[in-house]
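Just so you know, all these numbers are worked out from the coordinates, no wet-lab data involved. All values reported here derive from a predicted model rather than from experimental measurement. So basically every Cβ, Gly included, is an ideal-geometry build from the backbone, and we count neighbours across all protein chains shown.
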Amino acid sequence: MVNKVVDLLNRPELRGAMFVLDETGVGVAVADLFEARTLRPDKVTITGGIDATSNGHSHRVPKRDLASAVEVLLESRRLAIDEALPLAQVLTSELANFKVKVSPAGHDSYGAGTDWRENSHDDLVLAVALACWFGEQPSREMWRGRA
């Protein structure tokens, strides 16, 4: 997979593009593989916290911030899903199933489907959410070309 991403990033139309990697859980090992190929992805650890924090290329972002970024862009029609994309129907289905649950104590959690551990997935939603969140950061232009 790393080789495929490297090949994509070397395409002329993507040369110099930034990319964001989910470093949550086993994502740390995946990030290491990219860094071994001299790539410096922006790494996001998805948290259940309240505030997003950044330190260089590493970011800790609450899942609510990621979900909100997608919601705002969809509602404002700044984000649309091209039906010609190979996984457009899967993404649309994941978005439709992606829900927030609020516990009696007021804690929110996000996931897909009625039983979030079976049948429904949110992989594509989270991939889109990472890109949406990162792209909406006010300082993203300053991050281009940094060491």
* Taking θ as phi - 60°, what are the ³J(HN,Hα) couplings along segment 34-42 by the Karplus curve (6.51, -1.76, 1.60), each to the nearest whole Hz, with x for Gly and Pro? -> 5, 5, 5, 8, 6, 9, 10, x, 7
* To do: Return the long-range amide H neighbours of Phe98 (sequence gap of 5 or more, or a different chain), with a cut-off of under 5 Å between placed amide H atoms.
  => Gly113
* Amide H of Thr47: which non-local residues (sequence gap of 5 or more, or other chain) have their own amide H closer than 5 Å, using H built in the peptide plane? -> Val61, Lys63
* Can you sort Thr47, Thr38, Thr53 so the residue with the fewest Cβ neighbours within 10 Å comes first? -> Thr38, Thr53, Thr47
* Asked: For Val61, Val28, Val20, what's the fewest-to-most ordering of other Cβ within 10 Å of each Cβ?
  -> Val28, Val20, Val61
* To do: Would you please give the FRET efficiency between Lys4 and Thr53, computed as 1/(1 + (r/R0)^6) with r the Cβ-Cβ distance and R0 = 25 Å, to the nearest 0.05?
  => 0.25
